[in-house]
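Everything below concerns the one structure shown next.
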Amino acid sequence: MIVSLPTWGLWLEPVLPPLELAALAQEAERAGASHVFVADEGTERDLFVVLSVIAQSTSRVLLGAGVTNALTRHPVTLAAGFATLAELAPGRIVAGFGTGGTRTLAPMGLEPARPYTTLVQCIDVVEELLAGKEVTIEGEFAARDAKLSWSPGPLPIATAGRGPKVERLGATRADWILLSGKQIDLVAETCARIRDAGKSAGNAPRIAWSSYIGWDEDTLENVRPHFTYIATDMPADLRRAAGIDDDTAARIQTIMLKDGMEAAARLVPDEVVRRYAVVGDRDRTVAELARIRAAARPDMFLLPVNDYSRAGDFVRSAPALLADAGFGNAT
């Protein structure tokens, strides 16, 4: 009997010029990645410009937003953007949504009163517009007689978020759930809970589990900066359990927004990295990834780049490690 392995994909933050990000996506495609997701961070390169360049630089990988939100971009504009991408790369676009985090919202002075409600209404509007329907809504945002008569049609939807309401929303409505920022020892039970909720709702979302990984002597220091914003955005009870009290979280956020993740990283305890990332030497990293794969059964491992100063080497070397851990490829 042939057993189908879960695939792997690449998750990029747009911290490099579009052509450099496209080169990384090309490397990933050649190495067998099934997907490339790009984050939408408001002060970095524009999501839709980057995805357009990657779409024209690749031929097979599916491309998605990982993720955007209805606060920094109006949902009608989002629908038009995704529909345009679908014209550029037919059959290869995934529309990804979340509530938006500190790193994205704070520079714009945005403090949403009802982020979950905004997310639900955003997905409703985008799906209707992509399907060619006319939309009028007065809710967390307004749309009046909006219609995309030229839309090529519906797209797969992905969701991401750390709270239980967003998790359940994805389980019941999404095609993909991007499971990131989850404590390692909770990944398997979270995947089981998502599948159970989806089954009850008549939905079967695919799960893309993402975790920072590293397997060299600089692992902790390469990974640590990424937990500055995760530490401030994660639910307060989990943040405190990981050893980051309210005062420390506030200091991390202040330094991060003023001087960047690297400057704030010194306040992130080692315990946070070890709880939320898979780090160690190569053998340990492979063994831990394989253990979680067997227990959680994700459909894909979504690989985030942990050090963009040597991103090319990382993207070229990681696929062999993922293969050893039991994550296949799309070729």
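The values are calculated or read from the model by the stated rules, or taken from the named source; none is laboratory data. Please read all numbers here as calculations on a predicted model, not as lab measurements. Heads up, the Cβs are rebuilt from the backbone with ideal geometry, glycines too, and the neighbour counts pull from every protein chain shown. Surface areas here come from the heavy atoms of the whole protein model, side chains and all, with no ligands, DNA or RNA. Shrake-Rupley method; radii C 1.70, N 1.55, O 1.52, S 1.80 Å.
For region 20-159, what is the percent of antiparallel DSSP beta bridges, rounded to the nearest 5?
So the antiparallel bridges amount to about 25 percent of the total.
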(request) Among DSSP beta bridges whose residues both lie in the chain, state the antiparallel percentage, nearest 5. (result) 10
(request) Kindly work out what percent of the DSSP beta bridges joining two residues of region 135-228 are antiparallel, to the nearest 5. (result) 35
(request) Just add up the charged neighbours of residue 182: K/R +1, D/E -1, any other residue whose Cβ is under 11 Å from the Cβ of residue 182. (result) -1
(request) Could you work out which residue, out of 13, 167, 262, moves most in a Gaussian network model of the chain, that is, has the largest mean-square fluctuation with Cα springs under 10 Å? (result) 262
(message) Is the C-alpha gyration tensor of the chain telling us rounded, prolate or oblate? Criteria: a/c under 1.5 is rounded; beyond that, a/b larger than b/c is prolate, otherwise oblate.
(response) rounded
(request) Mind jotting down the distance between the C-alpha centroids of region 48-100 and region 4-45, whole Å? (result) 13
(message) Using a 1.4 angstrom probe on the protein heavy atoms only, could you order 247, 40 from most to least accessible area?
(response) 247, 40
(message) From Cα pairs below 8 angstrom and at least 6 apart in sequence, can you work out the relative contact order of the chain, rounded to a whole percent?
(response) 20
(message) Apply the Karplus curve 6.51 cos²θ - 1.76 cosθ + 1.60, θ = phi - 60°, to the phi angles in region 303-308 and return the couplings in whole Hz, x for Gly and Pro.
(response) 8, x, 6, 9, 8, 6
(request) Using DSSP to define loop residues, name the GluC sites (Glu not before Pro) in region 177-233 whose beta-carbon has at most 10 other beta-carbon atoms within 10 Å. (result) 217
(request) Using the charge dipole of region 44-140 (Lys, Arg: +1 at Cβ; Asp, Glu: -1 at Cβ; taken about the Cα centre), state which of 54, 74, 116 has its Cα farthest towards the positive end. (result) 54
(request) Give, in whole angstrom and from largest to smallest, the semi-axes √(5λ) of the equivalent ellipsoid of region 1-112, with λ running over the eigenvalues of the Cα gyration tensor. (result) 25, 15, 14
(request) State, as an integer percentage, the relative contact order of region 1-89 based on alpha-carbon contacts under 8 Å between residues 6 or more apart. (result) 30
(request) Could you work out which residue, out of 96, 163, 42, moves most in a Gaussian network model of the chain, that is, has the largest mean-square fluctuation with Cα springs under 10 Å? (result) 163
(message) Per 0.36 nm of contour for each residue apart, how much would the distance between residue 44 and residue 206 grow if the chain were fully extended, relative to their Cα-Cα spacing?
(response) 55.5 nm
(request) Compare the Cα positions of 198, 132, 170 along the charge dipole of region 84-228 (+1 at Cβ of Lys, Arg; -1 at Cβ of Asp, Glu; about the Cα centre) and return the one farthest towards the positive end. (result) 198
(request) Would you mind listing how long region 174-299 runs along its three principal axes, going by Cα atoms, in whole Å with the largest first? (result) 45, 34, 22
